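Just below is one structure, and these are the notes that go with it.
The values are calculated or read from the model by the stated rules, or taken from the named source; none is laboratory data. Quick caveat, the model's predicted, so the values are computed rather than measured. Cβ placement follows ideal geometry from the backbone for every residue including glycine, while neighbour counts extend to all protein chains displayed.
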Amino acid sequence: MRIALVSAEVWPLSKTGGLADYVFSLSNALASLGHSVDVITPDYSSKESSPAVAQLNGTEGVTFSRQRMNGWTAVKAASPALFAREKLYGYEDDYRRFALFSKAAASYIVSEGYDVVHCNDWPTGYIPLLLKQAKSSIPSLFTIHNMEFQGISPPELLDEIGISRSHFHMGGVEYYGNVSSMKAGIVYSDALVTVSPTYSREIQTPEFGFGMDGIIRKHSSKLSGILNGIDYKMWDPSGDAEIRATFSSSSMGGKDMCKSFLQREFSLPQVRRPLLAFIGRLWKQKGMDLLLDALPSVRGSYQLIVLGTGDTELMRRIENVSSANPAVRAIMRYDEKLAHRIYSAADIFIMPSRFEPCGLGQMISMRYGTVPVVRKTGGLADTVHNFDRRTGEGEGFVFIDSSPQELADAISAAIRTYSDRDRWKNLVGNCMNHDFSWETSAGRYLSLYSSLASVASKLSE
Ligand code: ADP
C-alpha cells in the first residue's frame, strides 16, 4: 500500500514526546512489511527554502522536499515564517501555523494520490475535511494521542484555509462559537483510533473527554483503540550503545553496572537501595505534583532521579525537594541519551499520570527491567498489572485514585518487594518478558488501512 502519515513530530527530525516515537516506529514497521510510507511533517530547521532540493507542490508559501529515511520517506514542509522557530509549539498562532500546514499537506496528498492517509492529533485535524471538500476518494484515519489539546481558534481561520462555512455547525467543526481542528479530525475522518483500548472508552466520558466526549460518543462506531508499541531497536538493553553495560533477562549483571555508573554520575551513595526514576513532561497530566506530595509518606529508603522539563512552578518545586533531600536528583532538561542511562539503571519507574492515552515510559522501563509504579488509567491500565505476591503474576504496582497517599502506598509496596530478592527477580522477569514490539500494532493499523481503502475503491467505482 501507499501510505501517507501526517504528523507535527517524527523522530529523528523533531520530538517533544511520544508522538515522535510513534510515527517513527510505525513507519519503520510498515516499511519493513513492504509498504511505501511517506511521513509528511513540518520542517522546523529550514530557515529558507533550499534551492538544492526539489521544490514540490506548494501552497501558502509552504514548499515540500523529500528526504529518504530508513525505509521510508520524510516529506518535509518548509515555510520559514511558520516553522523555523525555537520551539515546535507554544506560540499564539499555533492553530494557524498547523492549519496552513494541513492545507498544504492536503493538496500534496491529493496530487500524490495515496491509498490511505493517517493523520495524528489536532495539528493535522483539518486534513480529512480538506480531502472530502476536494472530492478526493483517499480515505483518512485520525489517531487521537491526547484529547487535552484541541486546536481551538476563531472561525475566520476557516476562510483562510478555504474550508466552507457550511461546515460551521455543531455537528461539524464548530466548538462553542469557535472552531476546533481536533473536532474536525473526529467528525470528518473515516476511522478514529486512540492509542490504547482503555483510552478509547475513557474519552467517551466527561472526566477524560475535555468537552469532546459527546462528539466522540456520536462517532463511536468508527472508533477503536490500538495499543502503541515501542521500537525494539531503539530501546534494547542487550544492544543499546548509550548505556554503560548491556544486559538481558537471562544475564542481568549489566543492569547493576548501569546503576553504579549512574549513582556515580550523580554523586549518589553506592548502596543497595532502590533507585526510583521519573522521566517525562512536567505537566499536570503526568502527576509530578502527586509524586512530590507523596514523597514524605513513602516508607523505606530510596534514591530518586527526575528527568524532565515543563511547568516552571513544578520545576522549582522539584529543585527545592532535591536541594533539601540528599537522595533526590533533579535534571531539568530534555536529554535523550540520559533517558537511556536512567531507564537502564533504575529499579522502579514512577508514572502517576492523571490520564495517559498510552504512555511509552512504562513500556520502555519494563524492557529495561525497571518495574513501573503507575496509576490505573488509559494505556497504563492496559500494559501494567498489579503484582500479586501469591501467584507471582503482574508487572508492577498499580494505584487507582489520583491521591498522594495511594501513590505513596504503591511506591512503598514496590520498595518492600525490592528487598525480597527472589520476588523482585520474578517481577523483573515478568516485565522483561512482555512483548511490546510494534509488529502486532502495525498489523492492526494495516488491516484498518486495507478495509478503508477497499471501501473507498468500491465507492469510487
Ligand atoms: P508523552 O507523549 O505524553 O510526553 P509518552 O510516555 O508517550 O508521553 O512518551 C514520552 C517520551 O519522551 C518517552 O520516549 C520519554 O522517554 C521521552 N521523554 C520525556 N521527557 C524526556 C526528557 N526530559 N528527556 C528525555 N526523554 C524524555
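Selection over the stretch 10-41 of residues that are within 16 Å of the ligand (Cβ to nearest atom) and of a type in the set (A, V, I, L, M) gives a count of 6.
Scoring M182 on the criteria (1) modelled with pLDDT under 95; (2) within 16 Å of the ligand (Cβ to nearest atom) leaves a single failure, condition (1). Candidates in the stretch 372-391 are the residues that are closer than 20 Å to P274 by Cα and over 20 Å from the mean Cα position of the chain (by Cα); of these, the one that is surrounded by the most Cβ atoms within 10 Å (Cβ to Cβ) is F387. Just to be sure before I move on: is S166 more than 27 Å from the chain's Cα centre (by Cα) and either in a helix (DSSP H, G or I) or not assigned by TED's automatic domain parsing to the domain that holds A99 (or both) in the structure I sent? So S166 fits the description; yes. Scanning the stretch 320-345 for residues that are within 12 Å of the ligand (Cβ to nearest atom) and of a type outside the set (S, T, Y) yields A330, I331, M332, R333, D335, E336, K337, L338, A339, H340, R341, I342.
The residues of the stretch 234-247 that are out of contact with any Phe, Trp or Tyr (no Cβ under 8 Å at 6 or more places or on another chain) and free of Cβ contacts under 8 Å to residues at least 12 places away in the same chain, listed by number, are G239, A241, T246. Checking the stretch 249-271 against the condition returns a match, with at least one residue being among the charged types (D, E, K, R), touching a residue at least 24 places away in the same chain (Cβ under 8 Å), surrounded by fewer than 16 Cβ atoms within 10 Å (Cβ to Cβ) and over 17 Å from C358 (Cα atoms). Please go through the stretch 246-283 and give me each residue that is within 29 Å of the chain's Cα centre (by Cα) and either within 12 Å of the ligand (Cβ to nearest atom) or among the polar types (S, T, N, Q) (or both), ordered by number. Hits for the stretch 246-283 are T246, S248, S249, Q263, A277, F278, I279, G280, R281, L282, W283.
The one condition from (1) surrounded by fewer than 19 Cβ atoms within 10 Å (Cβ to Cβ); (2) within 16 Å of the ligand (Cβ to nearest atom); (3) in a loop (DSSP other than H, G, I, E, B) that W235 does not meet is (1).
Going by the structure shown, is M170 more than 16 Å from the ligand (Cβ to nearest atom), modelled with pLDDT of 95 or more and exposed (fewer than 15 other Cβ atoms within 10 Å of the Cβ)? Judged against the criteria, M170 is a match. For the stretch 294-316, a residue qualifies if it is in a helix (DSSP H, G or I) and either buried (at least 17 other Cβ atoms within 10 Å of the Cβ) or within 11 Å of the ligand (Cβ to nearest atom) (or both), and the qualifying residues are A294, L295, L314, M315. Is it true that Q303 is more than 21 Å from the chain's Cα centre (by Cα) and of a type outside the set (S, T, Y)? Spelling it out, Q303 is indeed more than 21 Å from the chain's Cα centre (by Cα) and of a type outside the set (S, T, Y).
In the stretch 181-230, the qualifying residues are those that are of a type in the set (S, T, N, Q) and in contact with a Cys (Cβ under 6 Å, 6 or more places away or on another chain), and the one that is farthest from I152 (Cα to Cα) is N228.
For the stretch 284-293, a residue qualifies if it is more than 11 Å from the ligand (Cβ to nearest atom) and either among the basic types (K, R) or out of contact with any Leu (no Cβ under 7 Å at 6 or more places or on another chain) (or both), and the qualifying residues are K284, G287, L292, D293.
Residues in the stretch 307-333 that are touching a residue at least 60 places away in the same chain (Cβ under 8 Å) and within 20 Å of the chain's Cα centre (by Cα): 0 in all.
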